[in-house]
Amino acid sequence: MRVFMLGWEFPPFISGGLGTACYGLTKAMDQLNIKVIFCLPAIADSDYTTHVKLLTPSSRLSATSFTFGKLKNVAFRTIPSLLQPYSTSQGYQQRLEETKRKARSRGSAAVCSIGPTDYSGDMYTEVHRYAAVAAELAKNEEFDVVHAHDWMTYPAGIVVAAVSGKPLIVHVHSTEFDRSGEHVNQMIYDIERAGMHTADKVIAVSNFTRNIIISRYGLSAEKVEVVYNGIDHNGNGNMDLGETRIGKDEKIVLFLGRITMQKGPEYFLMAAKKVLDVTDSVKFIMSGSGDLMPRAIEMAAELGIGHKVLFTGFLRGEDVERIYRMADLFVMPSVSEPFGLVPLEALENNIPVIISKQSGVSEILRHALKVDFWDIDEMANKIIAVLKYPPLGATLRDHGRYETRKLRWKDAAQRCAQIYEELLVTV
Amino acid sequence: MASVCFYFQVHQPLRLRHYTVFDDSNRYFDDYKNAAICTKVANKCYLPANRLLLNLIKKYDGRFKIAYSLTGILLEQLQQYSPEVLSTFDALAETGCVEFLAETYYHSLSFLYSRDEFLEQVSKHMETIEYLFGQKPRVFRNTELIYNNDLAALIESTGKFDAIASEGADHILGFRSPNFVYRPKGCGKLKLLLKNYALSDDIAFRFSDRNWSQWPLTAGKFAQWVSAVNGNGNVVNLFMDYETFGEHQWADTGIFDFMSHLPQEILKHPDNDFKTPSEVARSYEPVGTIDVPHLTSWADTERDVSAWLGNAMQSNAIHELYRLEKKIKDTSDENIITDWRKLQISDHFYYMCTKYFADGDVHKYFNPYDSPYDSYINFMNVLDNLSRRCSTRTAEPAFCGLSQNKGRPSLQTQMAD
């Protein structure tokens, strides 16, 4: 079985759940001996090229293929592009401007064969340019199915599938409705819809998302499958010795995620205010960045809790581990979360979690406290209970951590493989 | 001679209302929900079952006998929400073929934490039963049939009981059969009646299970199994939850029809009869001693106390509850003491069980909470409020929930007579 997979990002440079999910899935497929050709956008010349250098010290920036560590069955193809996950078209414009500026300032010292002038002027055109390049690339590859992750890759997936005649699977990690509420961007919606309808099969990361796909995108139920995400079990011997938490007088409640509407940061802050009305020795940490971050900082100040809320900005690598070790409780107040990998990571790091009922992960996670995202009274009630009654947190942690062991990428990969097989039979 | 000894456990807990850390009220219980559930169960189970059994008793003219254990909490709710059920229990009592057992009034685990409180609750229960039905209970059963040697010794020392009931668990019986009367280790006079769990659970759990090899269970088939005990046992103790009839096993499974034919089928064999627990104790001498150093119960496959005390939340909640005993009793405030006692109802801790959380089944069906964690949080919030009330107590007029009922006498105030 050979899969032409279209993704957005790959380690070690991950900016969110999508990258983590692609990594987990690909790694699991590699272990099942499924051959994967992983195609992703790579920024040819900017501050973000560190990740490419790490992977292939010798190859040039415009090189299109490399392998990654122990993944024997996975080959990577990068297409120079400024497309970045979770970006808006303004964000794209900014990156484009910056790239052009850097190229001008460096002059002839720039050693890359694809110049910034090759990027499209706006994000949507870029998506289609990317698709065209992907199709060219695909002509030289052999594969049985095409698997595209989230909207930016759908046009590429459609084209590659059409050109090669292979079946297309579209993997929905999030929809416009999750990201933008009711004010969806029509162009992105159209791309999502086209991708879903053209695909031979649609995979959703939860029943929560599946329902949105069926009701908001007009797909028929048989076409949509649910494959839950998994979590990597690092086995890094991360025993909870409890030392870092003893002696600390203040409890720490953690929010980790993009500070954007979808993640419900304002509900976190309102609940924090209610908690702080009742108890004083607790601090709230918001780790992440996003379009609502300035607004969140203002809101904390307005609520009068500014001194109790800390903003760390975007955390990566070891910093994430450090923040988990400091935290006593993790809260995910998402407004609309297709899955939600972060609470699983928190459990892996031995912290009890409170999650929004409006999330995919709440379908499968039993040992977590669940609350409607808007119910800040109940959210505060549960936060205070965890902070006040140690046995609650202890039981949630132990059982929750045990539960995450059942959520394996291996199972997700096997399910995908099954879906591939079914498609190949009917084709 | 196989004597069939039926004993039905009748209990309804009081469910707490949603109580957050921001709540400040003294009203902890969800009266609306409790009323709704009580009337529902009364209609599906208590009334049809009582009527059926009453008819059977009359039909067999003294040859068909049964026993009940009714918790104080149940009786209070029946009086408040479904008094017609009490009148059917009255009628049953008057037949002279119905025995009432004694237990803790509040269906509590107090035996494990406070002997004094335990004995007070047992006393109160016995007074209530005597007041309502004119019977002085002589047979004791502890909450959820929790039992060990110490309990038997304590019960014997009161001098008020002839026998005590327990689960006939494999790990205490070994090769022996539950179909005999035994002596608890350490006792001289008290007799031990052991539940025949195989036959009891055939009715209580497997009755409607189509995957069961013996489905469908007819009265005739069951009577044959009972008769097979002849020569190899004296008594078949069928102890079960009364809600088997109509709630756990819905009417359409045929459970009522089964029961209505059972006496006839059992009595077909001349060596069979029905006995109440006291009659069993009077008729048979113990054939041996049973040693139960560790606690057993009739719950789950483990038949131990893990359903109520298996995780950190449960043991923490119950410890905190009983730690308040002195503080609560020192207030001498009836309302506070009664609220504290109502928090001892074992169901509160049952809801916090995480044992089968992933698998659902029995624990979850009767759980008013979405998750065991919610029940713990709720309980601890209430306990916290109760504890604070002790410290900040101002003189309150005696408040009794039952007196809300337009002058209907309450079980509690009558106890003071």
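Brief remarks on what is shown
- Counting only Cα atoms, the size of the protein assembly as shown along its three principal axes is 108, 65, 47 Å, in decreasing order.
- Pairwise centroid distance, computed over Cα atoms, of segment A:161-182 with segment A:351-393, Å: 31
- Comparing B:Lys191, B:Lys124, B:Lys58 in a Gaussian network model of chain B (Cα springs below 10 Å), the most mobile by mean-square fluctuation is B:Lys58.
- Bridge orientation summary for the protein assembly as shown: considering DSSP beta bridges with both residues in this region, about 10 percent are antiparallel.
- Alpha-carbon spread of chain B, three principal axes, descending order, Å: 66, 48, 44
- Distance from segment B:266-320 to segment B:197-221 (C-alpha centre basis), Å: 20
- Counting only other chain Cβ atoms within 10 Å of each residue's Cβ, the peptide A:395-402 averages 3.
- Applied to segment A:30-35, the Karplus parametrisation 6.51 cos²θ - 1.76 cosθ + 1.60 on θ = phi - 60° returns per-residue 3J(HN,Hα) values of 4, 6, 8, 6, 8, 7 Hz, with x for Gly and Pro.
- Dividing the summed -39500 (n - 2.57) terms of all DSSP H runs of n ≥ 4 by the residue count of the protein assembly as shown sets its mean residue ellipticity at 222 nm at -13000 deg cm²/dmol.
- Check: segment A:251-404 dipole with +1 on Lys, Arg Cβ and -1 on Asp, Glu Cβ, in debye: 240
- Trypsin sites (Lys or Arg not before Pro) within segment A:133-197, DSSP loop, no more than 15 other Cβ atoms inside 10 Å: none
- If R0 equals 41 Å, the separation of the Cβ atoms of B:Ala35 and B:Glu320 corresponds to a calculated FRET efficiency of about 0.90.
- Bridge type composition, segment B:2-290 - antiparallel percent by DSSP, nearest 5: 10
- Fraction in percent of alpha-carbon pairs per bin - 10 Å, segment B:90-194: 15, 45, 32, 9, 0
- Too-long pairs where the Cα-Cα distance tops 24 Å, listed order kept, from A:Lys166/A:Lys223; B:Lys33/B:Lys342; A:Lys406/B:Lys355; A:Lys273/A:Lys370; B:Lys191/B:Lys355; A:Lys139/A:Lys410: B:Lys191/B:Lys355; A:Lys139/A:Lys410
- In summary, segment B:235-384 shows an alpha-carbon radius of gyration equal to 1.40 times the 2.2 N^0.38 Å reference for compact globular proteins.
- Charge tally in the Cβ shell below 15 Å around B:Asp170, where Lys, Arg are +1 and Asp, Glu are -1, B:Asp170 excluded: -3
- The trypsin sites (Lys or Arg not before Pro) of segment B:128-168 that meet both conditions, a loop assignment by DSSP and at most 15 other Cβ atoms within 10 Å of the site Cβ, are B:Lys160.
- Between the beta carbons of A:Gln186 and A:Arg405, assuming R0 = 45 Å, the FRET efficiency works out to 0.60 to the nearest 0.05.
- Given charges at beta-carbon only (K, R positive; D, E negative), |dipole| of the protein assembly as shown in Debye: 1100
- Pairwise label distance in nanometres, A:Arg322 with B:Asp370, each label 7 Å out on the Cα-Cβ vector: 3.6
- The mean count of C-beta atoms from other chains within 10 Å of the C-beta of residues in A:379-388, rounded to a whole number, is 4.
- From the alpha carbon centroid of segment A:250-302 to that of segment B:92-140 is 54 Å.
- Look at the stretch B:372-382: the mean tally of other chain Cβ atoms within 10 Å of its residues' Cβ atoms is 5.
- Proximal lysines relative to B:Lys195, as straight alpha-carbon distance under 22 Å, when same-chain residues fewer than 8 apart are discounted: B:Lys65, B:Lys160, B:Lys185, B:Lys221, B:Lys275
Read-outs throughout are calculated quantities, based only on the coordinates presented, and are distinct from any laboratory measurement. Nothing here was measured: the structure is a model prediction, and the numbers come from that model. For neighbour counting, all protein chains shown are included, and Cβ atoms are generated from backbone atoms with ideal geometry for every residue, glycine included.
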